[in-house]
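Student: Structure below; questions to follow.
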Amino acid sequence: MGRLVITNLCKQYKDNLVVKQLDLTIEQGELVSLLGPSGCGKTTTLRMIAGLLDPTSGSIKLDDKEIVNVPTHKRDIGLVFQNYALFPHLTIFENVAYGLKRKKVLKSEIEKRVKAALESVQLTGFEDRLPTQLSGGQQQRVALARSLVLNPSIILFDEPLSNLDAKLRQFLRVEIRQLQKKHGFTALFVTHDQEEAMVLSDRIAVMYNGDISQLGTPSEIYDEPSNSFVANFIGETNMISVNDVREESDCFTAKLKTGEIIKVSKRKNSTSIEKVIMFRPEHSQVIKQSDVEKMGEQNSLNGQVEYMHFLGSTYTLGVRSAAHDKTIICSLQPEDYKDLSLHEGDDVFVTWSKEKTYIY
Ligand code: ADP
Ligand code: MG
């Protein structure tokens, strides 16, 4: 079991409302990330679910049972923090066994369960060491084993990988996902790292200023961001101010400040009060001024190549245009880039389709 239903959850400090009527349901066995910038209220939300902080108002139900007034250790919830929070004077075995001892589980049973938990995080043989004798990644695995051993319905993670280097982070997030699927616990994973959230999650709750801005699968969040905050926070974007937005029968049109008309496909949450268009760097093409006949019916704007960066698998091009006060970013495949044989200062058109244009 482990279905979590949060309704109308609020946390207020003096006149500062840091969590605002937050609603979130996490299905049993699901991994949901709470993704948002620093200070948006992620840790506050997680601490209220864990019982480490009292909500100002609202309801938190685990499997239909109200848990707001249930003490932390009786909530059937596991916790994994950024700083591991292991007991420094206890061995790895004792750290993992701690919760079971508190529950007065039989010694033979403790031995068996600790052994299994350490095995599942690949730390067999480390039982007698102290936390300081382990690397950061290993310590975080111990923290995970310490939660797993109690077999909770749900495990809450608060930026558990933030203190680790990039390679290890990538490795451990896969491991966490595999363990979560294997053991079947529900998980809420707090992170400010959008790539981590994309890779790990069944669904992502994008949090902004104490509230959930959008909830959806990684591809829904990426492909159909419902507002400009989400669009900007997830992936790279070009956001360009427009005016004179008009609703046509099959699309919206909007005018760049240099006069070009941009077409925007209608989508289910489209409204027509907006003033910026958005497209992603990977959805743009670059066409040289001399190849203008190749341009077709796409949205386009004119500019000059400002820089070209090789990123390993793609090239990033910065284009300056009178239509926008920031550099426009285009992401090109190496073969397309090479065909163009561009130089800094070259006159180009940046083009992209109306289907890949969003308006906010
Ligand atoms: P996040 O985890 O998303 O970085 P937090 O949940 O830690 O954000 O904090 C959200 C907001 O609540 C921040 O603006 C923070 O300053 C504020 N806050 C957190 N704890 C307290 C507190 N004990 N008293 C007053 N304000 C707090
Ligand atoms: Mg935090």
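Student: Could you work out how far apart the two model spin labels at HIS343 and HIS73 are, taking each label as a point 7 Å from the Cα in the direction of the beta carbon, and quote it in nm?
Tutor: Taking the simple label geometry, HIS343 and HIS73 are separated by 7.4 nm.
Student: Counting only other residues whose beta carbon sits under 9 Å from that of LEU35, what net charge do I get with K and R as +1, D and E as -1?
Tutor: Taking every Cβ under 9 Å from that of LEU35, the sum is -1.
Student: Can I ask one more? Quick one: what are the phi-derived ³J(HN,Hα) couplings along the range 292-299, Karplus 6.51/-1.76/1.60 with θ = phi - 60°, whole Hz, x for glycine and proline?
Tutor: These are the phi-based 3J(HN,Hα) values: 4, 5, 7, 6, x, 8, 6, 5 Hz.
Student: Mind checking the per residue accessible area of the chain for me, 1.4 Å probe, whole number of Å²?
Tutor: In whole numbers, the chain has 49 Å² accessible per residue.
Student: Let me ask you something else. Give me the net charge of GLY235's neighbourhood, meaning all other residues with Cβ under 9 Å from the Cβ of GLY235; Lys, Arg count +1, Asp, Glu -1.
Tutor: Cβ neighbours under 9 Å give a net charge of -1.
Student: I've got another one for you. Around GLU224, under 10 Å between beta carbons, what's the net of Lys plus Arg minus Asp minus Glu among the other residues?
Tutor: Spelling it out: positives minus negatives among the neighbours equals 0.
Student: DSSP beta bridges in the chain, what fraction antiparallel, as a percent rounded to 5?
Tutor: Beta bridges within the chain, antiparallel portion: roughly 75 percent.
Student: So which of LYS167/LYS275; LYS257/LYS288; LYS42/LYS181; LYS115/LYS167 end up more than 30 Å apart, counting from Cα to Cα?
Tutor: The pairs that break the limit, which is 30 Å between Cα atoms, are LYS167/LYS275.
Student: Can you pull out the trypsin sites (Lys or Arg not before Pro) in the range 283-360 that DSSP calls coil and that have at most 15 other Cβ atoms within 10 Å?
Tutor: LYS326
Student: Going by Cα centres, the range 144-216 and the range 274-344 are how many Å apart?
Tutor: Each part's Cα centre sits 35 Å from the other's.
Student: Report relative contact order for the range 240-332 in percent, whole number only (criteria: Cα-Cα under 8 Å, sequence separation at least 6).
Tutor: 24 percent
Student: Contour minus end-to-end for VAL199 and CYS10, with contour as 0.36 nm per residue of separation and end-to-end as the Cα-Cα distance?
Tutor: Result: 65.1 nm gained on full extension.
Student: Another one. Suppose the chain between HIS283 and SER135 were pulled fully straight at 0.36 nm per residue; how much longer would it get relative to their current alpha carbon spacing?
Tutor: 49.2 nm
Student: Can I ask one more? Counting other C-beta atoms within 10 Å, and keeping those with at most 13, which DSSP coil GluC sites (Glu not before Pro) do you find in the range 169-278?
Tutor: Those satisfying the criteria are GLU236, GLU248.
Student: If I take R0 = 35 Å and measure r between the Cβ atoms of ALA85 and ASN232 in this structure, what FRET efficiency does the formula 1/(1 + (r/R0)^6) give, to the nearest 0.05?
Tutor: 0.60
Student: Which of these, LEU156, LEU188, LEU332, has the largest mean-square fluctuation under a Gaussian network model of the chain (Cα springs below 10 Å)?
Tutor: Result: LEU332 has the largest fluctuation of those listed.
Student: With a point put 7 Å past each Cα toward its Cβ, work out how far GLN122 is from ALA166 in nm, to one decimal.
Tutor: Between GLN122 and ALA166, the label points sit 2.1 nm apart.
Student: Now a separate question. Are there any trypsin sites (Lys or Arg not before Pro) in the range 1-69 that are in a DSSP loop and have at most 14 other Cβ atoms within 10 Å? List them by number.
Tutor: LYS14
Student: Whenever you get a sec, compute what percent of the accessible area on the chain sits on carbon and sulfur atoms (1.4 Å probe).
Tutor: Answer for the chain is 48 percent, counting heavy atoms of protein chains only.
Student: Which angle between 0 and 90 degrees, to the nearest 10, do you get for helix 166-183 versus the longest principal axis of the chain when only C-alpha atoms count?
Tutor: 60 degrees
Student: Could you work out how much longer the chain between GLU248 and MET295 gets when fully extended? Use 0.36 nm per residue separation minus the Cα distance between them, nm to one decimal.
Tutor: 14.7 nm
The values are calculated or read from the model by the stated rules, or taken from the named source; none is laboratory data. Nothing here was measured: the structure is a model prediction, and the numbers come from that model. Ideal geometry is used to build each Cβ from the backbone, glycine not excepted, and the neighbour counts take in all protein chains shown. The accessibility values were calculated without ligands, DNA or RNA, using every heavy atom of the protein model including side chains. Shrake-Rupley method; radii C 1.70, N 1.55, O 1.52, S 1.80 Å.
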